[in-house]
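Right, one structure below, let's go through it.
The values are calculated or read from the model by the stated rules, or taken from the named source; none is laboratory data. Treat the numbers as computed from the prediction; the structure is a model and nothing was measured. So basically every Cβ, Gly included, is an ideal-geometry build from the backbone, and we count neighbours across all protein chains shown. Side chains are part of the model used for accessible areas, which takes the heavy atoms of the whole protein and leaves out ligands, DNA and RNA. Shrake-Rupley method; radii C 1.70, N 1.55, O 1.52, S 1.80 Å.
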Amino acid sequence: MSVAFTKEGDAEATAADLPDRPISPHPNLVTLEGLAAIDAALAQARAAYTAAQSAGGIEADRTAMARATRDLRYYAARRANAQLVETTGQTDTVRFGGGVTIDREDGRRQTFRIVGEDEADPAHGSVSHVSPLARALLGKHVGDTAILAGAEVEIVAVD
């Protein structure tokens, strides 16, 4: 069909029909920092929703309203099912909220903190508790080994 026979609003209506952000089927474990980040994102989504509502013409704000509504649903659900895990005291066991340093066979030494899914950022050293790396290391101690991506790693520090 030629674009001459489409309504101008069709592209915007399609943009406003955003799919929901997927919610993980795993328990929503969070650190104190992760819970604060969810609260901040929820407040930001509420502010965006209010701003989109009061901005005026519905035609111009349909995409902004859809985005704000989608984010509001996501962060409200994540906040409602968040399970705060306190990370108190030093331990010698790899655990949620704690850090772990590993040596890889190729000589690389890497340090990660195991956190909730919403706060995970591997580029900055935090991985989700449901990631293959975290699942392979949780419950282990200094000196233990684990298999990651077909290669053996040794746990050299836990904090």
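Laid out as a table, the results:
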read-out: Cβ-derived FRET efficiency at R0 22 Å, Ala64 paired with Ser24, nearest 0.05; value: 0.25
read-out: Phi-based couplings in Hz for the stretch 87-95 (Karplus 6.51, -1.76, 1.60; Gly and Pro marked x); value: 10, 9, x, 7, 9, 9, 10, 5, 9
read-out: Sum of side-chain charges, Gly99 neighbourhood, beta-carbon under 9 Å (Lys, Arg +1; Asp, Glu -1); value: 0
read-out: Accessible area (Å², per residue) of the stretch 32-159, counting only protein heavy atoms and a probe of 1.4 Å; value: 55 Å²
read-out: At R0 = 22 Å, FRET efficiency that the Cβ-Cβ distance of Ala80 and Gln53 yields, to 0.05; value: 0.45
read-out: Value of [θ]222 nm, deg cm²/dmol, for the chain, DSSP H segments ≥ 4, -39500 (n - 2.57) each, nearest 500; value: -12500 deg cm²/dmol
read-out: Carbon + sulfur, % of accessible area of the chain - ligands and nucleic acids excluded, 1.4 Å; value: 54 percent
read-out: Gained length - Val130 relative to Arg109, 0.36 nm times residue gap less alpha-carbon distance; value: 5.4 nm
read-out: Under-5 Å amide H pairs with Lys140, H placed in peptide plane, nonlocal only; value: Val94
read-out: Range of Cα positions in the stretch 67-129 per principal axis (Å), largest first; value: 47, 28, 13
